[in-house]
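Reading through the C-alpha cells given below for one structure.
The values are calculated or read from the model by the stated rules, or taken from the named source; none is laboratory data. If you're wondering where the values come from, they're calculated on a predicted model, not measured in any experiment. Reconstructed Cβ throughout: ideal geometry from the backbone, glycine too, with neighbour counts over all protein chains shown. Ligands, DNA and RNA are excluded from the accessible area calculation, which covers all protein heavy atoms including side chains. Shrake-Rupley method; radii C 1.70, N 1.55, O 1.52, S 1.80 Å.
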Amino acid sequence: MDHFINLTLNGLASGATYAALALSLVIIYQATRLVNFAQPALALIAVYTAYTVTQLTGSYWIGFAAALTAGLVSGALVERFIIRPIARTSQLNAIIVTLGLLLVVQGLVGVVWGNEQHGFGYAFSYVGRFSPANVFALGSVGVVALLLFALYRFTPLGLRMRAAAFHPESARLSGVKVGLMLTAGWAIASFIGALAGMLAGPPFISPNVFDVVFVYGITAAVIGGLDNPFGAVLGGLFIGLGMSYVSGYAGPELATLAALAIVVVVLSVRPDGILSRPTARKV
C-alpha cells in the first residue's frame with residue numbers, strides 16, 4: 001500500500017509539470033488554432049535566464065522571477081514579430097516556423113551556454129514521500145489553473161481574449177483589439193510554459209532538456225482536449241499517474257509505452273479529448 005501511495009504522489013507531482021506545459025499549448029491553440037512547437041524553446045530561454053541570474057545573484061527566487069518574466073516577454077515578442085506576419089498567409093507555414101524556431105533556439109543556447117549539462121537545483125528539498133518540491137510543483141500549477149479560470153471567467157481582459165479567440169470578426173466590430181489579445185494570450189501561455197520549465201528542468205539543464213517533456217505535454221493536451229484548459233490539467237495528471245504506476249510496477253522502460261497506450265485508449269473512447277465538446281459537422 002505504501003508503494004502505491006508513493007507512486008500516486010510522485011505521479012501527481014510529475015503530472016503537474018506536464019499539465020503546465022499542456023496548459024500553455026491549449027491557451028495558444030484556443031486563440032489561433034495553432035499547435036506551438038516552439039513552446040519548449042520559450043521554456044528553454046526562461047530556464048537559462050533563471051540559471052544565469054541565479055549564478056549572478058546567488059538567489060534562486062530572483063532567478064525564478066526572471067524566468068517567468070523572460071517567458072512572458074519572449075512569448076509576446078514571438079507572436080508579434082514572428083508568428084503574426086506568417087500566420088496571415090498560411091497557418092501551416094506558422095506551424096513550420098515554430099518547429100524551426102525550436103531548432104534555432106536550441107542551437108543558440110548551445111552556442112551561448114554550451115551543450116554540456118549544467119547543474120540547476122530545485123526550489124525545495126526533493127527528499128521524502130511527498131517532498132516540499134513535489135508540493136510546490138502541484139500547488140503552483142493548481143494556483144495557475146485557478147487564476148487562469150478567474151481571468152477568463154470574471155475579468156474584462158479574459159472576456160476580450162475569449163471573444164478574440166472564438167469570434168474575432170465580431171470582436172473587432174465590438175472594438176476589441178484582437179491582435180493585442182492574441183499577443184496577451186501568447187504571453188500568458190509562455191509565462192505558464194516558463195513555470196513548467198522551472199519545474200521540469202532541474203537537476204540538470206541542457207539545450208535538449210525539454211524534448212521528452214514536450215512530448216508528454218502535448219500528449220496531455222490531446223488527451224484532455226486541445227480546446228479545454230482544465231482538460232489539459234486533467235490530462236497532465238492522468239499521464240503522470242499512468243506513467244508512475246507503470247514505471248513502479250512494470251519497469252521504467254515501459255513508461256513511454258504507457259503514455260502512448262493512454263492516448264490510444266482515451267482517443268478511442270473520446271476522439272476530441274476527455275473534456276472537449278464534439279463539434280457538429282455540416283454535410
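Highest GNM mean-square fluctuation among Leu68, Leu226, Leu159, for the chain modelled with Cα contacts below 10 Å: Leu159.
Relative to the compact-globule estimate of 2.2 N^0.38 Å, the Cα radius of gyration of segment 1-68 comes out at 1.47. Modelled spin labels at Asp272 and Leu180, positioned 7 Å past Cα toward Cβ, are 3.3 nm from each other. Please report how far the C-alpha centroid of segment 1-41 lies from that of segment 68-134, rounded to the nearest whole angstrom. That distance is 15 Å. For the pair Trp61 and Val127 in one chain, pulling the backbone fully straight at 0.36 nm per residue adds 21.8 nm over the alpha carbon distance. Pairs of alpha carbons in the chain separated by more than 36 Å make up 14% of all such pairs.
The alpha carbons of segment 176-282 occupy a box of 53, 41, 18 Å along the principal axes, longest dimension given first.
In the chain, helices alone account for a calculated mean residue ellipticity at 222 nm of -25000 deg cm²/dmol, with every DSSP H run of four or more residues adding -39,500 (n - 2.57). Given the options Ile239, Ile188, Ile86, which has the most mean-square fluctuation in a GNM of the chain, springs set between C-alpha atoms less than 10 angstrom apart? Fluctuation is largest for Ile86. Rounded to the nearest 10 square angstrom, Glu169 shows an accessible area of 120 square angstrom against a 1.4 Å probe.
Using the Karplus relation 6.51 cos²θ - 1.76 cosθ + 1.60 with θ = phi - 60°, the per-residue 3J(HN,Hα) values for segment 45-52 come to 4, 4, 5, 6, 5, 4, 4, 5 Hz, with x marking Gly and Pro. Using bins of 10 Å that start at zero, the share of Cα-Cα pairs per bin across segment 17-159 amounts to 10, 33, 36, 18, 3, 0, in whole %.
Using Cβ point charges alone (K and R +1, D and E -1), the dipole size of segment 2-269 about the Cα centre works out to roughly 860 debye. For segment 20-35, backbone phi angles converted through the Karplus equation (6.51, -1.76, 1.60; θ = phi - 60°) give residue-by-residue couplings of 5, 5, 4, 4, 5, 5, 5, 4, 5, 5, 4, 7, 10, 6, 10, 7 Hz, Gly and Pro being listed as x.
Within the listed set Gly75, Gly242, Gly100, the Gaussian network model of the chain (springs between alpha-carbon atoms below 10 Å) gives the highest mean-square fluctuation for Gly100.
Need one word for segment 80-176: rounded, prolate or oblate. Basis is the Cα gyration tensor (sqrt eigenvalues a ≥ b ≥ c); a/c below 1.5 gives rounded, then a/b vs b/c decides. Oblate, because a/c is 1.5 or more while a/b does not exceed b/c.
Taking 7 Å steps out from each Cα toward its Cβ at Val265 and Phe4 produces label points 1.6 nm apart.
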